[in-house]
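Data block below; observations after.
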Amino acid sequence: MSLIATVYARALLDLADERGKRDAVVADCRAMAGGRDQEGPIESLEIRQRLEDPRLGKEKSKDVLRSAFTGKIETETLDLMLLLIDRNRLPDTGAILDEVVDIADREAGVQKIQVYTAGEISAASVEQLGVGLRRILGQQVRIEHTIKPELIGGVTVRVGDLHVDGSVRRQLDNMKTIILDAPVSDRLWA
């Protein structure tokens with residue numbers, strides 16, 4: 001994560017802690033950021049381009065954000081968005097929102113787990129995976145599911161620095177390597 005995202009995220013969390021609104025602010029950031037495989041409302045390229053349009057101006061951009069989010073998100077979260085417009089940092093919004101969620105999860109002892117599958121899996125399957133991972137890791141987990149059709153089948157899981165690849169793509173690559181590296185005798189063609 002970038003230093004800029006970390007600084008803004010830490011400042012927002014400190015302010016939220018000071019005002020006793022940490023859970024609500026983190027929930028705002030989680031909802032606004034969307035998931036890793038989807039855009040949140042502020043990350044939509046079309047909306048961001050409109051808000052960054054110099055013809056619109058910073059004050060109009062801030063008015064648009066105020067009218068869209070006042071009463072729907074915490075004041076602290078909205079103030080961050082307005083500050084990002086003032087400082088020409090709107091493109092960093094997604095990274096900052098993700099960092100707020102990541103910091104809050106780490107401090108709460110929640111381990112983020114990224115799960116990649118070739119296709120959609122049921123919510124029950126994701127929950128079952130979460131139960132197994134909670135038992136193995138001994139802590140709460142937050143699963144982020146991303147669909148990667150290039151995996152062909154199977155599942156790939158990333159927990160911090162640990163990467164477990166059980167995809168069909170990986171198995172095919174392994175078989176290819178074994179076949180290509182197999183010793184071939186000159187007597188084969190005799």
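The values are calculated or read from the model by the stated rules, or taken from the named source; none is laboratory data. Quick caveat: nothing in here was measured; it's all calculated off a predicted structure. Here the Cβ positions follow ideal geometry from the backbone for every residue, glycine too, while neighbour counts run over all protein chains shown.
A few notes on this one:
- The residues of the range 169-190 that are of a type in the set (D, E, K, R) and either part of a loop (DSSP other than H, G, I, E, B) or at pLDDT 85 or above (or both), listed by number, are Arg169, Arg170, Asp173, Lys176, Asp181.
- Test for Gly130: is it in a helix (DSSP H, G or I), closer than 28 Å to Gly153 by Cα, under 18 Å from the mean Cα position of the chain (by Cα) and modelled with pLDDT under 90: yes
- Which numbered condition Ala124 fails, given (1) out of contact with any helix residue (DSSP H, G or I) (no Cβ under 9 Å at 6 or more places or on another chain); (2) assigned to a strand (DSSP E or B): (2)
- Scope the range 126-150; condition among the β-branched types (Val, Ile, Thr) and without any contact (Cβ under 8 Å) to a residue 12 or more places away in the chain; matching residues: Val131, Ile136
- Residue check: Arg55 meets all listed conditions (1) surrounded by 15 or more Cβ atoms within 10 Å (Cβ to Cβ); (2) not in a helix (DSSP H, G or I) but one, namely (1).
- In the condition set (1) at pLDDT below 90; (2) under 26 Å from Val25 (Cα atoms); (3) outside the structural domain of Glu18 (by TED's automatic domain parsing), Ser67 is compliant with all but (3).
- Hey, Gly109 within 22 Å of the chain's Cα centre (by Cα), over 25 Å from Ala33 (Cβ atoms), surrounded by fewer than 13 Cβ atoms within 10 Å (Cβ to Cβ) and not aromatic (Phe, Trp, Tyr) or not: no
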